[in-house]
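Novice: Starting off with a structure, shown below.
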């Protein structure tokens, strides 16, 4: 790895713009980013010095707009070099960046732009501009719209605010990199949380909030110039921005921007990254593909695979000091060569750190990857904490937990077993929302997470569930629905699940079926998969309940599903039922399926 002095401290950087300046000064000719060029069909590298020149070019254009320090500017791009360059150009001028999700609903984008008072918006091209047409009249604070790709005239109503990047920032229009004298505690960004209920709230994060978080996070595992991060979790997600943008800049690592989630498998094999930051969904997809592929293998191959995972897990436990030596460990070199290496090769074969955050990682999936020799490190964070609060470490990895707090982060358990957080990376509050700020940040500076948690004797944090999401049945029993939903969706038949039962006599569920798996099951049950009425067939419900019961057999007797409603329409960001970070919008789903839910509980006393 690189020398320790490759790491830039928060004090040396001062601000996020100072972080870039310091990185350019230290390693100007080292490769910073790799991005795929579709025309040339090649991955194109860019050095830190080249990044600096591009940032200066964008700054010259921003200065022509008459923007002042403290003005808000918004970015709605997929992960790419231009996202980072725009962000750094703005930060150097003392502007405040407002990231937007490219697949967010137009109504919410208009709300965020208006609430933040954004004066300028950078977007990718015609796809993003088309999404905004229905709310164009509401974008009254936005004085300039810059499109990275040229949008041909005539396709949309004329808008004098719209300019192509090449016109707005001519290729020869650069000068010197500008780093204005900004206080480290000045506001750097407003990140709107994708709330599962109500309007998004704008989290105010300072330069020091994010620098301190990135610095503390990199102390948990050694990283440096030999590392390559693969960036595909949206940069509008604070985990990717802090962990996959500023942290690599801090340690001098490279970042490659994945082409798409669909092309992730190919990118992993071509780029062979050493660090991957993701949410559970990606690991679940890889797990699902491997498990499905095993079904067509011979009984011997399936047995060998299970043996490999079992021995690999025992080896991991032994390395972590949680299990003794066993003769079976002698088989590992052979099993690794025959089985494990073939699976990890699909991920490039070089991964040193696979970080998982944003939601709990199901234990069977953690065991699967770790058993194959891929180190998965589960962590916990909140946008309001910049975002990382805790993470597992290479020498202390307890996958059932979300690790121990980062250096400098204090945690404690408050009333209702709520996890409270305090430290240098905790937000300043919510933009334009003092009431929400007062509810979340108390007078002593503790951030109220809304998550129920417990600690073990070694200081590992275990997340039990959301305080507001805990279901209280009519008999007083308390059930964490997220854990049950996670278990249900480990069966490939169920793409999504939502457990219900607040104040009810028993638990029920809404489940979204995987269409191909549903077709297979329908044939077994001799019903027509294309007939919507088949989903209401009592025979189908019984079969689905049996599959669900198998997944929930480890749960308490009262935590079982007695009725369910299957649907084929996925819950997506586009139909308003998922947040951009892939969390269920429970209230909206309850409203959408209210008649079906009532039908499940109607006349329950007459059912056996």
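The values are calculated or read from the model by the stated rules, or taken from the named source; none is laboratory data. What you are looking at is a predicted structure, and each value in this text was computed from that prediction instead of being measured. FYI the Cβ positions are ideal-geometry reconstructions off the backbone, even for glycines, and counts take in every protein chain you see.
Novice: Residues in region 483-500: is at least one over 24 Å from the mean Cα position of the chain (by Cα) and either under 15 Å from residue 560 (Cβ atoms) or not assigned by TED's automatic domain parsing to the domain that holds residue 560 (or both)?
Specialist: Checked region 483-500: at least one residue is over 24 Å from the mean Cα position of the chain (by Cα) and either under 15 Å from residue 560 (Cβ atoms) or not assigned by TED's automatic domain parsing to the domain that holds residue 560 (or both).
Novice: Kindly list, by first and then second residue, each pair from a residue in region 576-591 that is farther than 14 Å from residue 199 by Cβ to a residue that is modelled with pLDDT of 85 or more and surrounded by fewer than 18 Cβ atoms within 10 Å (Cβ to Cβ), limited to pairs with Cβ atoms under 7 Å and residues at least 6 apart or on different chains.
Specialist: 577/588; 578/572
Novice: Select from region 88-109 the residues that are outside any loop (DSSP other than H, G, I, E, B) and free of Cβ contacts under 8 Å to residues at least 60 places away in the same chain and write down the one among them that is farthest from residue 148 (Cα to Cα).
Specialist: 107
Novice: Separate question: Residue check, residue 533 against (1) closer than 30 Å to residue 363 by Cα; (2) at pLDDT below 95; (3) assigned to a helix (DSSP H, G or I), all met but one. Which one?
Specialist: Condition (1) is where residue 533 drops out.
Novice: Okay, moving on. Of all residues in region 223-245, how many are crowded, with 24+ Cβ neighbours inside 10 Å and more than 22 Å from residue 281 (Cβ to Cβ)?
Specialist: Total meeting the criteria: 1.
Novice: Residue 263: closer than 19 Å to residue 351 by Cβ and free of Cβ contacts under 8 Å to residues at least 24 places away in the same chain, yes or no?
Specialist: Criteria met by residue 263.
Novice: Additional query: Return a yes/no flag: does region 111-120 have any residue that is surrounded by fewer than 20 Cβ atoms within 10 Å (Cβ to Cβ), touching a strand residue (DSSP E or B) at 6+ places or on another chain (Cβ under 7 Å) and farther than 19 Å from residue 573 by Cβ.
Specialist: Yes.
Novice: Would a scan of region 547-567 turn up a residue that is free of Cβ contacts under 8 Å to residues at least 60 places away in the same chain, over 31 Å from the mean Cα position of the chain (by Cα), part of a helix (DSSP H, G or I) and more than 20 Å from residue 474 (Cβ to Cβ)?
Specialist: No; the residues of region 547-567 include none that is free of Cβ contacts under 8 Å to residues at least 60 places away in the same chain, over 31 Å from the mean Cα position of the chain (by Cα), part of a helix (DSSP H, G or I) and more than 20 Å from residue 474 (Cβ to Cβ).
Novice: Give the residues of region 383-403 that are surrounded by fewer than 23 Cβ atoms within 10 Å (Cβ to Cβ) and outside any helix (DSSP H, G or I), sorted by residue number.
Specialist: Those that are surrounded by fewer than 23 Cβ atoms within 10 Å (Cβ to Cβ) and outside any helix (DSSP H, G or I): 393, 394, 395, 396, 397, 398, 399, 400.
Novice: Same structure, new question: Is at least one residue of region 561-572 modelled with pLDDT under 90, closer than 30 Å to residue 387 by Cα and either surrounded by fewer than 19 Cβ atoms within 10 Å (Cβ to Cβ) or outside the structural domain of residue 518 (by TED's automatic domain parsing) (or both)?
Specialist: Yes, because at least one residue in region 561-572 is modelled with pLDDT under 90, closer than 30 Å to residue 387 by Cα and either surrounded by fewer than 19 Cβ atoms within 10 Å (Cβ to Cβ) or outside the structural domain of residue 518 (by TED's automatic domain parsing) (or both).
Novice: For the structure I just gave you, tell me whether residue 482 is modelled with pLDDT of 95 or more, under 23 Å from residue 238 (Cβ atoms) and not in a loop (DSSP other than H, G, I, E, B).
Specialist: No.
Novice: Within region 318-343, work out how many residues are buried (at least 17 other Cβ atoms within 10 Å of the Cβ) and either over 20 Å from residue 306 (Cα atoms) or under 26 Å from the mean Cα position of the chain (by Cα) (or both).
Specialist: Result for region 318-343: 1.
Novice: If you don't mind, another one. Select from region 349-367 the residues that are touching a strand residue (DSSP E or B) at 6+ places or on another chain (Cβ under 9 Å) and in contact (Cβ under 8 Å) with a residue 60 or more places away in the chain and list them in ascending order.
Specialist: Listed by number, the residues that qualify are 350, 351, 352, 353, 354, 355, 356, 357, 358, 360, 361, 365.
Novice: Next up: Could you list all residues from region 36-67 that are part of a loop (DSSP other than H, G, I, E, B) and without any contact (Cβ under 8 Å) to a residue 24 or more places away in the chain?
Specialist: Of everything in region 36-67, those that are part of a loop (DSSP other than H, G, I, E, B) and without any contact (Cβ under 8 Å) to a residue 24 or more places away in the chain turn out to be 38, 39, 40, 41, 66.
Novice: Still on this structure, please answer the following. With the condition kept exactly as written, say whether any residue in region 509-518 is crowded, with 18+ Cβ neighbours inside 10 Å, modelled with pLDDT under 95, outside any helix (DSSP H, G or I) and touching a helix residue (DSSP H, G or I) at 6+ places or on another chain (Cβ under 9 Å).
Specialist: no
Novice: Would you be able to tell me the number of residues in region 427-445 that are assigned to a loop (DSSP other than H, G, I, E, B) and surrounded by fewer than 20 Cβ atoms within 10 Å (Cβ to Cβ)?
Specialist: Residues in region 427-445 being assigned to a loop (DSSP other than H, G, I, E, B) and surrounded by fewer than 20 Cβ atoms within 10 Å (Cβ to Cβ): 7 in total.
Novice: Hey, another quick one. Would you pick out the residues in region 407-426 that are surrounded by fewer than 24 Cβ atoms within 10 Å (Cβ to Cβ) and in a loop (DSSP other than H, G, I, E, B)?
Specialist: Result: 407, 408, 409, 414, 423, 424.
Novice: Next up: Which condition does residue 528 not pass, out of (1) buried (at least 19 other Cβ atoms within 10 Å of the Cβ); (2) out of contact with any strand residue (DSSP E or B) (no Cβ under 8 Å at 6 or more places or on another chain), if it passes all the others?
Specialist: (1)
Novice: Which one is nearest to residue 15 (Cα to Cα) among residues in region 68-82 that are outside any strand (DSSP E or B) and in contact with a strand residue (DSSP E or B) (Cβ under 6 Å, 6 or more places away or on another chain)?
Specialist: Out of the qualifying residues, it is 81.
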